[in-house]
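Comments concern the structure below.
The values are calculated or read from the model by the stated rules, or taken from the named source; none is laboratory data. Here the structure is a predicted model, which is why all the values come from computation and not from measurement. So basically every Cβ, Gly included, is an ideal-geometry build from the backbone, and we count neighbours across all protein chains shown. Accessible surface is based on the protein model in full, side chains and every heavy atom, while ligands, DNA and RNA are left aside. Shrake-Rupley method; radii C 1.70, N 1.55, O 1.52, S 1.80 Å.
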Amino acid sequence: MPLSIDEKLLATLRNYSKVTVPKGTRVFHGSLATGPHIDVSNKRLTGSRKWVSQDPQYAVDYAYLDDPGDKHAKLLWVCELKHDLPALAGSQYALSSTVAWGASFPSRFPNEFADYARLIIPGTGPRALCDHPMPSKPIGAPIYREILVSDPLHALEVVTIIELSGSKDAARAMASLRYPTI
């Protein structure tokens, strides 16, 4: 648990919709090959949390985000959920004004989210925050551009890792053609 629970943040999260991201849902994670909390040789996403997306192009954007000199290999992780994933649906950005964490919010909230989610969604195992919904085709459940997954090692099965080449636009086009989700 966090050192202290921010009651205002907890109350705001309690107002978010409870959703379930179904077992087998395909999600994507973009990273540099040298990124933290990844194990390419064993095909594992590690660490206490990971941001993934149901939109492969969005994940590709993140692979290109932190490499301004274009010096490192970029990866697109194609994963599936191992189980139904209980989640809250709402805006992480909207939460930043509810707590007095200031500039530390973008890094602190993802690290503490699972503790708050366990107070709202009973049970054990990973939890998620689904953000930036987009309509799906055909009309059905929304597709989330950002899903914060706690305990990715237990939540995500890595299907394959694709080394992206060329420009970001070329990589986005490849991802869109290979994984037409939207």
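Quick one: check the C-alpha center-to-center distance for region 36-92 versus region 113-181, whole angstrom. What the calculation gives is 8 Å, centre to centre. Looking at region 1-114, the accessible area is 52 square angstrom per residue; that uses a 1.4 Å probe and ignores ligands, DNA and RNA. Convex hull volume of the Cα atoms of region 78-182, normalised per residue: 146 Å³. Given R0 = 22 Å, the distance between the Cβ atoms of ARG14 and HIS83 translates into a calculated FRET efficiency of 0.40.
By definition, a body whose alpha carbon gyration tensor gives a ≥ b ≥ c is oblate when a/c is 1.5 or more and a/b is not larger than b/c, and region 36-100 fits this oblate description. Percentage of Cα-Cα pair distances in the chain greater than 21 Å, rounded to whole percent? Tail of P(r) above 21 Å: 50 percent of Cα pairs. Rolling a 1.4 Å probe over the protein heavy atoms of the chain, with every protein chain left in place, gives an accessible area that is 54 percent carbon and sulfur.
Partners of LYS8 within straight-line reach, counting lysines whose Cα lies under 24 Å from its Cα and excluding those fewer than 8 residues away in the same chain: LYS18. Over the C-alpha trace of region 124-182, radius of gyration and Dmax come out as 14.2, 42 angstrom.
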